[in-house]
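Written below as structure tokens is the structure these notes are about.
The values are calculated or read from the model by the stated rules, or taken from the named source; none is laboratory data. Model, not experiment: these values are computed from the prediction. A quick note on method: Cβ atoms are made from the backbone with ideal geometry, for glycine too, and the neighbour counts reach across all protein chains shown. Keep in mind that these areas ignore ligands, DNA and RNA; they rest on the heavy atoms of the full protein, side chains included. Shrake-Rupley method; radii C 1.70, N 1.55, O 1.52, S 1.80 Å.
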Amino acid sequence: MARPLPRSLAVSVLTLSLALTAALPASAEDDEVLPAVLPRVETPAVFDDEEGGNADADDPAIWRNAARPDASLVVATAKEGGLRVYDLDARLVQAIPAPAGPGPEDAPGRFNNVDLVQGMKLSTGRADLAVTTDRGNDRLRFYRIDPATPGRPLTDVTAATAGPVFSAGQAEINEQRTAYGLATWTDKATGRAYALVSQRERTTIALLELTATADGKVGYRKVRTLSLPSAFRLPDGRSWSPCAEPGELPQVEGMVVDPANGTLYAGQEDVGIWRVPATLTGTPELLDRVREYGVPGTYDEATEECVSGSDPGYGGTRLSADVEGLTLVTQADGDGYLLASSQGDNTFAAYDRELGDDNEYEGGFRVGPTATGPDGSEECDGAAALNAPLGSRYPDGLLVVQDGHDDAGDATDRTATNFKFVDLGDVLTALDD
């Protein structure tokens, strides 16, 4: 069977169609009042300070226990706080620390994004895996999910040979232009499992084939890379790049692959949502843009912030930077939604999953606060949806979203984050209304 040839693909700004940057007219969607859905439960707050172990909730994944759906789990990253595993009542089941760097002066482990691989063939038998990007060490980490050990369901099965994804050595790793966003994908034609990994502060995405070792561990090999544009030609002829700190390029974090057709959706945070074959062999298409697209900006060294100029009106109408938390709501007939977190205005945008409908915009919603229970979701980094029955708690499926500003009660002087659990049926009802 032919294997894909390793090579690097770079998309030049000069080859991009001007249609990608055509101005969108103002519409009623600009003033659309989006419906709110309410979380059922929330995970305990984590705190990004020394006392809290520098834990920062970021990205979730939902694992369904096929034999006992009520015993399904949510696996989530907490950056330097490692991995957290929760039950469907949002109670902590297991906490896995991020590994340290190789030396005391090296960057510590930092788990950024997480996704799942179902039924990968290992030497010890087929297994479901939780995969996470260790941004601190520029690696992927793998954890076998074992429902027979409910108190410690995750076991590290990372191969010792799993090396840096983007860096040539420890000096480059310490610069932290390392493994960042993540989406897993299993090729239906070959059965091979892959991970797509984005690079922090760069536009590069790497395709890695996951490999099983003789001792029951999991490693990977790089197949190819693709670099999204960092500069864009606007309809008025000017070249535009999103404002950033000197040396930084517009990075990608949120990613998801549609398993039915192998399409990768990638959120370039200050640009918009791209779609491209998950093999990284096609030409990326810009599905939608953030409102700030085309707005000039100058980085102010004193304030470490960007000063924006006048909006020329070339941006989209549904997303406010950053674009984060891409996830799919799949349906058996091929229908469903691509959901994206619009971090800048605390909303979620829903697009038709079907390519035949050109992923057209279908509506949006907010995750709002309850009266006496969980608060809502603000500046959401990561999201995961599963349209499958999860026992008595979530018979219509589950949406888990990160909250970048959790209301942690008396801890008002600490940065608190967590995850909200939302009945997916409520989301689908809101989108259908």
All-pairs Cα distance distribution in the range 317-366, expressed in whole percent, bin size 5 Å: 5, 23, 30, 23, 12, 5, 1
Report Rg (one decimal) and Dmax (nearest whole number) for the range 281-433, counting Cα atoms only, units Å. 17.6, 54
I'd like the Karplus ³J(HN,Hα) series for the range 64-69: coefficients 6.51, -1.76, 1.60, θ = phi - 60°, whole numbers in Hz, and an x wherever there's a Gly or Pro. 9, 7, 5, 6, 9, x
Once you place label points 7 Å from the Cα toward the Cβ at Arg152 and Thr370, how far apart are they in nm? 3.3 nm
Cα extents of the range 272-369 along the three principal axes, largest first (Å): 53, 42, 23
So, for the range 268-407, what is the accessible surface per residue at a probe of 1.4 Å, expressed in square angstrom? 37 Å²
Rounded to the nearest 5, the percent of DSSP beta bridges in the range 285-402 running antiparallel is 95 percent
Give the shape of the range 82-149 as rounded, prolate or oblate, defined through the alpha-carbon gyration tensor: a ≥ b ≥ c are the square roots of its eigenvalues, a/c under 1.5 means rounded, and otherwise the shape is prolate if a/b is larger than b/c and oblate if not. oblate
Where in the range 368-383 does the label zone of Val33 land, with the point 7 angstrom along Cα→C-beta and an amide N cut-off under 18 Å? 368-369
Determine how large the accessible area of Met120 is when every protein chain is in place; take a 1.4 Å probe and give Å² rounded to the nearest 10. 20 Å²
What whole number of Å gives the distance from the Cα centroid of the range 383-416 to the Cα centroid of the range 252-287? 25 Å
Roughly to the nearest percent, how much of the accessible area of the chain is carbon and sulfur, given a 1.4 Å probe? 48 percent
Calculate the radius of gyration of the Cα atoms of the range 154-237 to one decimal place, then report Dmax, the largest Cα-Cα distance, as a whole number, both in Å. 15.8, 59
Express the C-alpha Rg of the range 29-92 as a ratio against the empirical globular expectation 2.2 N^0.38 Å, rounded to two decimals. 1.43
Return the sequence-ordered ³J(HN,Hα) values of the range 96-107 in whole Hz as given by the Karplus equation 6.51 cos²θ - 1.76 cosθ + 1.60 applied to θ = phi - 60°, using x for Gly and Pro. 10, x, 6, x, 6, x, x, x, x, 9, 8, 4
Skipping prolines and chain starts, which residues have an amide H placed within reach, meaning under 5 Å, of the one on Glu305, given they are 5 or more residues away or on another chain? Asp300
If you average the sequence gap of Cα pairs under 8 Å that are 6 or more apart and divide by the length of the chain, what percent do you get for the contact order? 16 percent
What lysines sit close enough to Lys79 to cross-link, taking a C-alpha to C-alpha distance under 20 Å and skipping anything fewer than 8 places away on the same chain? Lys420
Cα convex hull of the chain, projected area averaged across orientations, nm²: 21.7 nm²
Which whole-Hz ³J(HN,Hα) couplings does the range 223-238 yield from phi under the Karplus relation 6.51 cos²θ - 1.76 cosθ + 1.60, θ = phi - 60°, glycine and proline marked x? 8, 6, 10, 9, 10, 6, x, 10, 9, 9, 8, 8, x, 8, x, 6
For a quick check: with amide H placed at 1.01 Å from N, whose amide H comes under 5 Å from Ala278's, ignoring anything fewer than 5 positions away on the same chain? Thr263, Leu264
Placing +1 at every Lys and Arg Cβ and -1 at every Asp and Glu Cβ, with all other atoms neutral, what dipole size does the range 48-142 have around its Cα centre, in debye to the nearest 20? 740 debye
Using a 7 Å offset from Cα along Cα-Cβ at His405, what residues in the range 35-54 end up with backbone N under 17 Å from the label point? 46, 48
Once both label points are put 7 Å beyond Cα along the C-beta direction, the Arg91-Tyr299 separation in nm becomes 4.7 nm
